[in-house]
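Scroll down for the structure; my scribbles are underneath it.
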Amino acid sequence: MTEHRHFLLYKPFGYLSQFMSNNAREARKKKFLGELHDFPADTMAVGRLDEHSEGLLLLTTDGRVSERIRRKDVEKEYYAQVDGLPTDEAIRQLQEGLEIAHRSVLYQTLPARVRRLEQAPDLPARGRKIRDDRHGPTSWVSIIVTEGKFRQVRKMTAAAGYPTLRLVRVRVADIWLTNMQPGEVREVPELLAVDEAEEPAEDANG
C-alpha cells in the first residue's frame, strides 16, 4: 500500500500554484511551488490560488484526497481587502450570488457567507505594497464559498462594486492558516478523511 504524504503551504504573493511550466518564457519569468520545498515528485496542489493571491494551499500525493477536498460541500474561507467600504446592499449581493464572467459566459455564483471584518486581520505583510488610504479607504471582508471558479472571489467583489486589493485564503474545511508565514510548508499526517464510496468531485480552481 502506498504511503501518501500531505502538506500545508502558505502560498506567497507572486507564485503560481504549479510546479513547472512547459512554456519556456513563463518558466524563466514566473515563480513556482517547487522553489519553496522539496516536495515528492507526485505531489499535486488541491485547488489553485492565482498568482496574486496568497494563503492556504493544500498539497497531497493522494488523488482521492484531492477529489474529496474539491467537492462542493467543502468550505473555503477568504479574507479580502477591498477598495472602499461595502454597503449593506453589496454584502447582500455577495451573499445571495451575482453574475460573473467565467470562460467567456456569465455565471451565477452560489450563495456565500459574507461578513465585514471590524478590524484588519493579523496577517504577515505582503511582499508588494497595497495602495495607501490617500487613494480612499479600504476594508476587509470574510467570504466563505463552496465552489472555486477561476478568480471567483475577485470577480465577485468587483461585480458588487468593490475590487479586491489583497486576497488571502485562510481556511479549507476545518484546516486553518493560523500562525503560518508566507512560503512556510508543514507536513501533516492527513488532510480530510476519504469515504471509499464517494463520487469524484467536479473540476474547479480554488
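Specify which residue in the list PHE7, VAL105, ALA173 is farthest towards the positive end of the charge dipole of the chain, using unit charges on the beta carbon of Lys, Arg (+1) and Asp, Glu (-1), about the Cα centre. Towards the positive end, the residue furthest out is VAL105. For segment 107-168 versus segment 13-80, the inter-centroid distance based on Cα atoms is 20 Å.
For the pair LEU106 and GLN18 in one chain, pulling the backbone fully straight at 0.36 nm per residue adds 29.0 nm over the alpha carbon distance. Here the dipole of segment 51-112 is about 400 debye; that uses its Cα centre as origin and unit charges on the Cβ of Lys and Arg (positive) and Asp and Glu (negative). Taking all protein chains together and a 1.4 Å probe, the residues GLU89, GLU67 rank GLU89, GLU67 from largest to smallest accessible area. Computed about its Cα centre, the charge dipole of the chain is approximately 1080 debye, with only Lys, Arg, Asp and Glu carrying charge at their Cβ. Highest mean packing first, where packing is the average number of other Cβ atoms within 10 Å per residue, the peptides 111-122, 147-158 line up as 147-158, 111-122. Taking every C-alpha pair closer than 8 Å and separated by at least 6 residues, the mean separation divided by the residue count of the chain gives a relative contact order of 33 percent. Taken over the chain, lysine pairs spaced eight or more positions apart, or on distinct chains, with alpha carbons under 28 Å apart number 26. The largest accessible area among TRP176, TRP140 belongs to the first residue in TRP176, TRP140, and the rest follow in falling order (1.4 Å probe, all chains). Only the Cβ atoms of Lys and Arg (+1) and of Asp and Glu (-1) were treated as charged; on that basis the dipole of segment 62-169 about its Cα centre amounts to roughly 520 debye. Solvent exposure of the chain, expressed per residue, is 55 Å² of accessible area, with all protein chains present and a 1.4 angstrom probe. What the Cα convex hull of segment 1-88 gives, in volume per residue, is 134 Å³.
The listed residues HIS102, HIS52, once ranked by accessible area (1.4 Å probe) with the largest placed first, stand as HIS52, HIS102.
The C-alpha radius of gyration of the chain, expressed as a fraction of 2.2 N^0.38 Å, stands at 1.03.
Just the protein heavy atoms count here, and of the accessible area of segment 39-110 at 1.4 Å, carbon and sulfur take up 48 percent.
The values are calculated or read from the model by the stated rules, or taken from the named source; none is laboratory data. Being a predicted model, the structure only gives us computed values, none of them experimental. Cβ atoms come from the backbone with ideal geometry, glycine included; neighbour counts cover every protein chain shown. The area values use the complete protein model at the heavy-atom level, side chains included, leaving out ligands, DNA and RNA. Shrake-Rupley method; radii C 1.70, N 1.55, O 1.52, S 1.80 Å.
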